[in-house]
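The values are calculated or read from the model by the stated rules, or taken from the named source; none is laboratory data. This one's a predicted model, so the numbers in the text were calculated from it and none came from an experiment. Cβ sites come from the backbone with ideal geometry, for glycine too, and all protein chains shown count toward neighbours.
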Amino acid sequence: MEIEQKIIDLANSYSAKLDQQVLKRIKEMKNDNKSHYLIYRALRITMEEGEAIDIYQNKGRFLYKYAGSFLEEATMLCFEHKYGERAEKNVRIPNTIGERPKTFEIDCLVGQDAYEIKWRDATTDGDHIMKEHTRMQAIKDKGYTPHRLMFYYPNRRQAIRIQQTLKTLYNGVDGQYFHGDAAWDFVYKETGVDLKGIISKIAEENSR
């Protein structure tokens, strides 16, 4: 129950932060220059629709940010529950392959296992592949095994191709790549914490 309560408290904390940021931004937007609504109206978007779109666009940016941070931090709590101080977070290692960036961050390091934790990754940028490949090589040079946990797979074709390439790269350096149900199952088997079950429980409570 201790780990479940920690995740519930974490969800409540992020929910409060999200509400606070959204309300603050909506208040700021009341004084925004709305001259760009001219273009909206030229495209048959009413003033009311344009305002709603702008509000939800801003809300969406905050939501994606906090959703990702919440799930990554909740996953880290699972590893800390299992391994205690052996689970180190935000560990920096040098870039042994190139000059930029100078260092790479490992989200969670347990012994020789280096975990990259993503709630979802919808990037379509080809440079992302090169950066991740360099990162994996730097992790291997340090004597660690790279693992990638991504709980939600992208929907767009180009983003899916990027992820398929990354999976091939992970396999090529004897690492592991888990996405979707496989990522949730891995956390459960590795830490003994049913993270998806706990979050589903929180979601159901919030829907009542």
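Quick check on my filter: what residues within segment 54-86 are over 26 Å from Ile3 (Cβ atoms) and without any contact (Cβ under 8 Å) to a residue 12 or more places away in the chain?
Taking segment 54-86 as the starting set, the residues that turn out to be over 26 Å from Ile3 (Cβ atoms) are 54-62.
Once the filter is applied, which keeps residues that are over 26 Å from Ile3 (Cβ atoms) and without any contact (Cβ under 8 Å) to a residue 12 or more places away in the chain, segment 54-86 yields Tyr56, Gln57, Gly60, Arg61.
Can you give me the number of residues within segment 82-93 that are in a strand (DSSP E or B) and surrounded by 13 or more Cβ atoms within 10 Å (Cβ to Cβ)? Break it down stepwise before answering.
To start, the set of residues in segment 82-93 that are in a strand (DSSP E or B) comprises 87-93.
Then drop every residue that is not surrounded by 13 or more Cβ atoms within 10 Å (Cβ to Cβ), which leaves 87-89, 91, 93.
Residues in segment 82-93 being in a strand (DSSP E or B) and surrounded by 13 or more Cβ atoms within 10 Å (Cβ to Cβ): 5 in total.
Residues in segment 56-72: is at least one among the charged types (D, E, K, R), within 21 Å of Leu149 (Cα to Cα) and crowded, with 17+ Cβ neighbours inside 10 Å?
Yes, there is a match, as at least one residue in segment 56-72 is among the charged types (D, E, K, R), within 21 Å of Leu149 (Cα to Cα) and crowded, with 17+ Cβ neighbours inside 10 Å.
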Return the residues of segment 143-165 that are under 15 Å from the mean Cα position of the chain (by Cα), more than 10 Å from Tyr177 (Cα to Cα) and in a strand (DSSP E or B); say none if nothing qualifies.
Phe151, Tyr152
Tell me whether segment 36-53 contains one or more residues that are out of contact with any Pro (no Cβ under 8 Å at 6 or more places or on another chain), among the aromatic types (Phe, Trp, Tyr) and either surrounded by 15 or more Cβ atoms within 10 Å (Cβ to Cβ) or touching a residue at least 24 places away in the same chain (Cβ under 8 Å) (or both).
yes
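State whether the residues of segment 184-194 include one that is in contact (Cβ under 8 Å) with a residue 12 or more places away in the chain, farther than 19 Å from Glu105 by Cβ, out of contact with any strand residue (DSSP E or B) (no Cβ under 8 Å at 6 or more places or on another chain) and acidic (Asp, Glu). Spell out the reasoning first.
Applying the first criterion (in contact (Cβ under 8 Å) with a residue 12 or more places away in the chain) to segment 184-194 yields 184, 186-187, 190-193.
Subset that is farther than 19 Å from Glu105 by Cβ: 184, 186-187, 190-193.
Of the ones still in play, those that are also out of contact with any strand residue (DSSP E or B) (no Cβ under 8 Å at 6 or more places or on another chain) are 190-193.
Next cut, acidic (Asp, Glu) only: 190.
Scanning segment 184-194, I find at least one residue that is in contact (Cβ under 8 Å) with a residue 12 or more places away in the chain, farther than 19 Å from Glu105 by Cβ, out of contact with any strand residue (DSSP E or B) (no Cβ under 8 Å at 6 or more places or on another chain) and acidic (Asp, Glu), so the answer is yes.
Going residue by residue through segment 88-96, is there one that turns out to be touching a residue at least 12 places away in the same chain (Cβ under 8 Å) and farther than 20 Å from Cys108 by Cα? Steps first, please.
Let us first name the residues in segment 88-96 that are touching a residue at least 12 places away in the same chain (Cβ under 8 Å), namely 88-96.
Those still in the list that are farther than 20 Å from Cys108 by Cα too: none.
No, that holds for no residue.
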Hits in segment 31-60 (condition: closer than 21 Å to Gln21 by Cβ and assigned to a helix (DSSP H, G or I))
Glu51, Ala52, Ile53, Asp54, Ile55, Tyr56, Gln57, Asn58, Lys59, Gly60
Restricting attention to segment 94-127, and to residues there that are of a type in the set (A, V, I, L, M, F, W, C) and outside any strand (DSSP E or B), which single residue is farthest from the chain's Cα centre (by Cα)?
Ile97
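Assess whether Gly111 counts as being exposed (fewer than 12 other Cβ atoms within 10 Å of the Cβ), of a type outside the set (A, V, I, L, M), in contact with a Lys or Arg (Cβ under 7 Å, 6 or more places away or on another chain) and touching a residue at least 40 places away in the same chain (Cβ under 8 Å). Quick ask: steps written out before the conclusion?
Details: exposed (fewer than 12 other Cβ atoms within 10 Å of the Cβ): yes; of a type outside the set (A, V, I, L, M): yes; in contact with a Lys or Arg (Cβ under 7 Å, 6 or more places away or on another chain): yes; touching a residue at least 40 places away in the same chain (Cβ under 8 Å): no.
Spelling it out, it is not the case that Gly111 is exposed (fewer than 12 other Cβ atoms within 10 Å of the Cβ), of a type outside the set (A, V, I, L, M), in contact with a Lys or Arg (Cβ under 7 Å, 6 or more places away or on another chain) and touching a residue at least 40 places away in the same chain (Cβ under 8 Å).
Filter segment 176-208 for residues that are in a loop (DSSP other than H, G, I, E, B) and at pLDDT 95 or above; which is farthest from the chain's Cα centre (by Cα)? Give the derivation first.
Start the filter on segment 176-208 by keeping residues that are in a loop (DSSP other than H, G, I, E, B), which leaves 180, 192-194, 208.
Filter again for at pLDDT 95 or above, leaving 192-194.
Working: Gly192: 21, Val193: 19, Asp194: 18 Å.
Looking at the filtered set, the residue picked out is Gly192.
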Applying the selection to segment 129-168, what residues are crowded, with 17+ Cβ neighbours inside 10 Å and among the small types (Gly, Ala, Ser)?
Ala138, Ala159
